[in-house]
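Below: one structure, written as structure tokens.
The values are calculated or read from the model by the stated rules, or taken from the named source; none is laboratory data. Since we're looking at a predicted model, the values are computed, not measured. Using ideal geometry, Cβ is built from the backbone for each residue, glycine included, and neighbour counts are taken over all protein chains shown. What goes into the accessible areas is simple: the full protein's heavy atoms, side chains included, and nothing from ligands, DNA or RNA. Shrake-Rupley method; radii C 1.70, N 1.55, O 1.52, S 1.80 Å.
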Amino acid sequence: MTAVAAVDLGASGGRVMAGVVGPGELVLHEAHRFGNGPVAALGTLYWDILRIYADILAGLRAAAGEFELASVGIDSWGVDYGLLDSGGALLGNPVHYRDARTAGVADQVHATLSRPEMYRVTGTAQLPINTVYQLVAARETPQFAAARTLLLFPDLIGYWLTGEVGAEITNASTTGLLDGRAQAWATAIMKSAGIPPGIFPALRRPGSMVGELRGDIRDGVLGGAAAGPARPLPVIAVGSHDTASAVAAVPAEGSSFAYISCGTWSLAGVELGGPVLTEASREAGFTNEAGLDGTIRFLRNVMGLWLLQESVRVWAARGQATDLAALLAEAAAQPPLRSVVDTDDAAFLPPGDMPARIADACRRTGQPVPDTRAGFARCILDSLALAHRRAILAAGELSGHHVDTVHIVGGGARNALLCQLTADACGLPVVAGPAEGAALGNVLVQARTLRRGPDDLPGMRALIRATQPLRRYEPGDPGPWRAAARRLVG
């Protein structure tokens, strides 16, 4: 058996897992789990990157205390980055993608570079959170002027652990600055946007070696643990975009499947052999992101469980603590499809009073306003299932890819109500699980690199099917969902 550490960072929480892999065996052991979220200071939303790093070190220490680790891998959400100066020091706390600084920036960029032209090169959905727009918004700051290197979050953590810089390609493909066909940095687009290409490090692929854990970390943090202070501990590049790792862990058999990596965001789409760079794809908001083994994740970003997470946070701040399991049980008893909202409405992107925004959206569209927390929860989950339906149907139509099953991986796989609603809305069976898909995909890429696990995607997925709990949901009558979709569009 081989044990590896998977650092899996999500926008609302992080975890360090020890994964044990062997013939017919794949087991995760939670070493450390911690919360994550934006920190507001002087009107700007930041990530508390040093606290995140401290939690990662604590998790590695805990994992190494129980297992003799063979390697470490890191995945996180996309688009966000840190800037380093000429000496390799971090230039300030990274800004959160939900910060308002990118408002109007896309129009500024596309005044000189058209949206269709950029999409034909990058294949990236042109969302305000994209790295390209964040960098243009930051161009006049002292940090940008002093920057000599840009590192996306998994690469930044890897740099602190090893001292080695690089850019893993699955996360690089979320920036809006990667040539989708050439799988290389799109330097012409960088120059057009006023971004110096020299700050972007060389690309690397899942399975490549990042470097060995620095001696001071190995000895000071892991010293005395099972790994031992003298033995090198490599950091391996995995699918460092968490969705890339999650899709690698989709327990599909064959290729006729769609996936939804469901957490704070829902990333809904299909796995392809090449990008779809049509104008219809761009207009539908689809993105082409690099996956494992040369695959393309053709998907649409859906706002996801963020609406529910933020509503629960707002209720708690008002003294209305919410038990999520009880809330979902009450939501299941609510009338279906009474009110639905467009989860992709830009009003839902920033933190704030989500129930009030949902109420406003219902009033604007002439629908009943929920009057209980369970009513709001049902509205959110019905609306999210409808968004899943739109994305899955469009992914199949735009790519020509046949879909007969939808796989939900990530934390949303634990939400039985959402899984059933998604099956009903899509008119397709849903297979839910694994809930820790990103961590499992992370572990399997490390194990393959070490030659201790399956050597291809079908083998990885077969091992997931054989070892992880999965639940199947059969669809009900899709008619009411078609009617609700028309109501939302109308």
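Of the helices (runs of 4 or more DSSP H) lying entirely inside the stretch 69-182, those containing at least 3 residues that are open to solvent by less than 10 Å² (accessible area, probe 1.4 Å) and either touching a residue at least 24 places away in the same chain (Cβ under 8 Å) or hydrophobic (A, V, I, L, M, F, W, C) (or both) span 115-122, 131-137, 153-162, 169-172.
Looking only at the stretch 352-365, which residues are under 20 Å from residue 128 (Cβ atoms) and buried (at least 16 other Cβ atoms within 10 Å of the Cβ)?
354, 357, 361
Filtering the stretch 388-423 to residues that are open to solvent by 20 Å² or more (accessible area, probe 1.4 Å) and closer than 18 Å to residue 337 by Cα leaves 389, 390, 416, 417, 420. Scan the stretch 399-450 for residues that are charged (D, E, K, R) and not in a helix (DSSP H, G or I) and the total you get is 2. Scanning the stretch 446-465 for residues that are open to solvent by 40 Å² or more (accessible area, probe 1.4 Å) and under 20 Å from residue 411 (Cα atoms) gives a single hit, 465. I want to confirm something. Restricting to the stretch 468-490 and keeping residues that are modelled with pLDDT under 90 and charged (D, E, K, R), which single residue is least open to solvent (accessible area, probe 1.4 Å)? It comes out as 487.
Of the residues making up the stretch 17-40, those that are closer than 18 Å to residue 264 by Cα and assigned to a strand (DSSP E or B) number 5.
Yes or no, residue by residue, for (1) among the aliphatic types (A, V, I, L, M); (2) closer than 24 Å to residue 167 by Cα:
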position	(1), (2)
215	no, yes
222	yes, no
248	yes, yes
265	no, yes
273	no, yes
279	no, no
295	no, yes
304	no, no
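Criterion first (surrounded by 13 or more Cβ atoms within 10 Å (Cβ to Cβ), modelled with pLDDT of 95 or more, within 21 Å of the chain's Cα centre (by Cα) and among the hydroxyl-bearing types (Ser, Thr, Tyr)) does residue 339 satisfy it?
no
Could you grab me the full set of residues in the stretch 1-27 that are touching an Asp or Glu at 6+ places or on another chain (Cβ under 8 Å), buried (at least 19 other Cβ atoms within 10 Å of the Cβ) and among the aliphatic types (A, V, I, L, M)? Result: 3, 6, 7, 9, 16, 17, 18. Pairs linking a residue in the stretch 17-28 that is over 16 Å from residue 461 (Cα atoms) and in contact (Cβ under 8 Å) with a residue 12 or more places away in the chain to a residue that is acidic (Asp, Glu) and open to solvent by 50 Å² or more (accessible area, probe 1.4 Å), with Cβ atoms under 9 Å and 6 or more positions apart or on different chains, are 17/30; 18/30; 18/66.
Residue pairs whose Cβ atoms lie under 6 Å apart, separated by 6 or more positions or on different chains, with the first residue in the stretch 417-438 and at negative phi and the second hydrophobic (A, V, I, L, M, F, W, C) and surrounded by fewer than 22 Cβ atoms within 10 Å (Cβ to Cβ), are 417/328; 417/332; 431/470; 436/28.
Test residue 282 against the stated conditions and say whether it is open to solvent by 30 Å² or more (accessible area, probe 1.4 Å) and either of a type in the set (Val, Ile, Thr) or in contact with a helix residue (DSSP H, G or I) (Cβ under 6 Å, 6 or more places away or on another chain) (or both).
Working: open to solvent by 30 Å² or more (accessible area, probe 1.4 Å): yes; either of a type in the set (Val, Ile, Thr) or in contact with a helix residue (DSSP H, G or I) (Cβ under 6 Å, 6 or more places away or on another chain) (or both): yes.
Yes; evaluated as a whole, the condition is true for this residue.
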